[in-house]
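The values are calculated or read from the model by the stated rules, or taken from the named source; none is laboratory data. Everything quoted here is computed from the prediction, not taken from an experiment. All Cβ positions, glycine included, derive from the backbone under ideal geometry; neighbour counts span all protein chains shown.
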Amino acid sequence: MVSFDLWIPALTKPKETFASAKKKASWGDAILQFVIAGVIAGLISGFIGGAAAASALADQPGVTVTGAGSAVLGGLGAIFLAITTPIVMVVGAFIVCAIIGFLVNAIFKRKGELKQFYYVVALYNAPLTIVNSVLGAIPVVGMLTFVTMLYGLYLLYLSIKEVYQL
């Protein structure tokens, strides 16, 4: 079952959360968290991107975009991103986690479970993805995604440290 109750603690108390959560790690839970976050982020980005595209088209001479046209573009964008974003998140996160795990094992001679690492990364990456999709939709506030990405790198460091006992 997806651990939504761990999303906030993973962001606010990461060390304690990662230490306890890694014991309950499962592939299914990790994948499901990435999928749910990807669908939500895809829908948010798709609707906003579609509305922005309709607005840009409406500014072109000789082009008329009605409210219905804007809704269609937004809906199509949302459907496309709701399907593709989770796939990219699941596969991309797995590849990145596998590479990091391999490098940590090779460089530091530490053995950690890829399943635990992938799960812990999902715990903080899923809510950060949703937050970034919301922040990115707001013109000036969208610059805050840089701050959340830096925090995500810090959480990545903490997750490596916890799972691989560095």
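Considering every residue within region 100-117, establish whether at least one is modelled with pLDDT under 90, under 14 Å from the mean Cα position of the chain (by Cα) and not hydroxyl-bearing (Ser, Thr, Tyr).
No, because not a single residue in region 100-117 is modelled with pLDDT under 90, under 14 Å from the mean Cα position of the chain (by Cα) and not hydroxyl-bearing (Ser, Thr, Tyr).
What is the one condition in (1) surrounded by fewer than 20 Cβ atoms within 10 Å (Cβ to Cβ); (2) within 27 Å of Ala19 (Cα to Cα); (3) small (Gly, Ala, Ser) that Ala122 does not satisfy?
(1)
In region 21-49, what residues are among the small types (Gly, Ala, Ser) and surrounded by 13 or more Cβ atoms within 10 Å (Cβ to Cβ)?
Ala21, Ala25, Ser26, Ala30, Ala37, Gly38, Ala41, Gly42, Ser45, Gly46, Gly49
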